[in-house]
1. Just how large is the dipole of the chain about the Cα centre, in debye to the nearest 20, putting +1 at every Lys and Arg Cβ and -1 at every Asp and Glu Cβ?
2. Hey, if you drop one equal point scatterer on each alpha-carbon of the range 137-228 and run the Debye formula without solvent, what base-10 log of I(q)/I(0) do you get at q = 0.16, 0.17, 0.25 Å⁻¹?
3. Compute log10 of I(q)/I(0) for the range 1-126 with the Debye formula, placing one identical point scatterer on every Cα and leaving out solvent, at q = 0.11 Å⁻¹, to two decimals.
4. Can you give the extra length, in nm with one decimal, that the chain gains between Asp389 and Val442 once fully stretched, where that is 0.36 nm per residue apart less the Cα-Cα distance?
5. Express in % the proportion of alpha carbon pairs of the range 334-490 at distances exceeding 25 Å.
6. Could you rank Tyr82, Tyr444 by how accessible they are, 1.4 Å probe, largest area first?
7. Using r as the Cβ-Cβ distance of Val51 and Gln457, and R0 as 56 Å, what FRET efficiency do you calculate, to the nearest 0.05?
8. For the range 124-190, which semi-axes, largest first and in whole Å, follow from the square roots of 5 times the eigenvalues of its Cα gyration tensor?
Amino acid sequence: MSKIRTRFAPSPTGRMHVGNLRTALYAYLITKHEGGDFILRIEDTDQERLVEGAVDIIYRTMKETGLVHDEGPDKDGGCGPYVQSERQEKGIYLEYAKKLVEKGEAYYCFCTPERLESIKQEVVGEDGEKKVISIYDKHCLSLTKEEVEANLAAGMPYVIRQNNPRTGKTTFEDEIYGDITVDNSELDDMILIKSDGYPTYNFANVVDDHLMGITHVVRGNEYLSSSPKYNRLYDAFGWEVPKYIHCPLITNEQHQKLSKRSGHSSFEDLVEQGYLTEAIVNFVALLGWSPENNQEIMSLEELVSNFDYHHISKSPAVFDTVKLKWMNGEYMKKMDSKAFYEKALPYIDEVVTRDCNKEKIAALVQTRIEIFPDIKDQIDFFQEVPEYDVEMYTHKKMKTNPESSLALLQEVLPILESTDDFSNDNLFAVLKAFAAEKEYKVGYVMWPIRTAVSGKQMTPGGATEIMEILGKEESISRLKKGIEKLSKEA
């Protein structure tokens with residue numbers, strides 16, 4: 001078999017949608033699994049939809065996710081240009097469209113917008129809903145060569161249409177969905193070259209994929225219905241048809257198509273929401289595919305090794321945020337502590353402005369959160385103790401209550417006041433020795449202290465870990481306020 005060549009061909013229209021990222025990822029994994037080439041092509045023929053800065057977003061996203069292309073606008077492998085508008089300027093698409101005209105596989109259409117409007121039909125769909133469709137009636141196919149040349153010489157606006165048959169059937173093979181057959185009566189004579197001289201998305205795709213030697217075309221299954229038209233173009237040119245791999249739809253938890261309104265439809269949305277790039281890539285890989293061994297946590301290298309596109313599902317893939325959060329948490333646990341601290345610090349700074357050891361705060365929460373914004377609710381007490389009810393001092397297992405806690409705090413305060421080393425290890429040793437001397441269980445000592453210094457039922461660390469971060473002065477101050485609060489309620 002010839003060397004596998006896949007491509008990712010995004011349109012620069014904004015942030016990279018999760019579906020586009022999955023297409024890029026699958027195309028990358030398919031070719032890298034076999035040691036092939038991955039090509040980046042910028043499809044900017046739809047000039048009206050272009051967004052300034054979107055090309056930079058594409059490059060940035062590809063770089064951050066590790067999907068390094070072998071050829072592209074910045075790496076000419078001999079098939080350039082890799083930007084469709086630049087290819088358009090070279091006249092590539094018009095040249096190939098004219099070849100089809102010469103073969104009778106395409107034709108010039110000079111119909112006005114008014115005429116096209118007049119041939120629209122109202123039909124009733126399978127769902128019973130009425131909708132207006134436009135199937136071109138091949139009106140301009142009957143023009144003689146002389147009439148066409150006269151119209152062109154007169155500067156009449158035109159498009160070039162594909163000449164599809166109205167009878168018979170067209171079958172194409174998809175690697176995931178198998179053979180799909182459509183009636184040719186459903187194939188409209190789609191426009192290949194628009195009136196502005198630019199190619200349509202469908203036509204440019206076929207020409208570029210052939211000229212760039214693409215062997216496997218990966219795309220969303222919304223393009224299944226267009227594939228017969230692609231195949232007819234390949235056949236009209238006498239070109240080899242690539243393998244098609246159509247990926248399943250991605251839906252939200254309500255089984256609706258994932259949209260921008262969902263709030264997590266793009267790669268950058270997810271990064272801003274506190275997800276790690278590695279976790280996003282891992283999660284997106286599993287949106288419609290799973291390895292034979294059902295392994296879930298995989299690095300990009302492991303994905304390359306394990307990826308077999310024959311295991312891509314036909315069924316819609318649900319964007320399960322619960323699973324993504326879990327997976328992100330697993331990646332956070334494995335992070336280098338310094339790298340985690342750097343990413344966590346902006347979130348810590350949002351809620352903790354006092355002078356304390358924020359690196360130790362990060363270490364406390366690293367294994368206890370799933371996304372970075374979770375940090376804030378876990379550590380807000382480091383800034384100040386929230387209002388709390390003294391019943392929080394009651395703990396059945398530790399056998400504590402407000403009265404016993406008051407006595408305990410009064411006993412332990414002078415010991416802590418006389419302790420200079422406020423490191424976690426030393427504090428724990430001091431309090432453990434105190435508990436042994438008084439024949440208290442360690443939990444009986446720690447619960448009231450933790451409650452007084454945090455004001456919370458649950459914290460990301462124990463009493464001594466919290467006091468180490470707060471420092472001696474703040475810890476003693478909070479213990480005294482706890483004693484005061486309990487004394488008032490006594």
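The values are calculated or read from the model by the stated rules, or taken from the named source; none is laboratory data. Not measured: the values here are computed from a predicted model. Counting neighbours? That spans all protein chains shown, and the Cβs are built from the backbone with ideal geometry, glycine included. In case anyone asks, the SASA skips ligands and DNA or RNA and just uses the protein heavy atoms, side chains included. Shrake-Rupley method; radii C 1.70, N 1.55, O 1.52, S 1.80 Å.
1. Numbers: 59 positive and 82 negative charges, 123 e Å.
Around 580 debye, computed over the chain.
2. Listed by q, the Debye log ratios stand at -0.84, -0.92, -1.37.
3. So the normalised log intensities are -0.56.
4. 16.8 nm
5. Working: 3641 of 12246 pairs.
Cα-Cα pairs in the range 334-490 separated by more than 25 Å: 30 percent.
6. Numbers: Tyr82 5, Tyr444 50 Å².
Accessible-area ranking of Tyr82, Tyr444, largest first: Tyr444, Tyr82.
7. Details: r = 48 Å, r/R0 = 0.85.
That gives a FRET efficiency of 0.75.
8. Working through the eigenvalues yields semi-axes of 32, 18, 11 Å.
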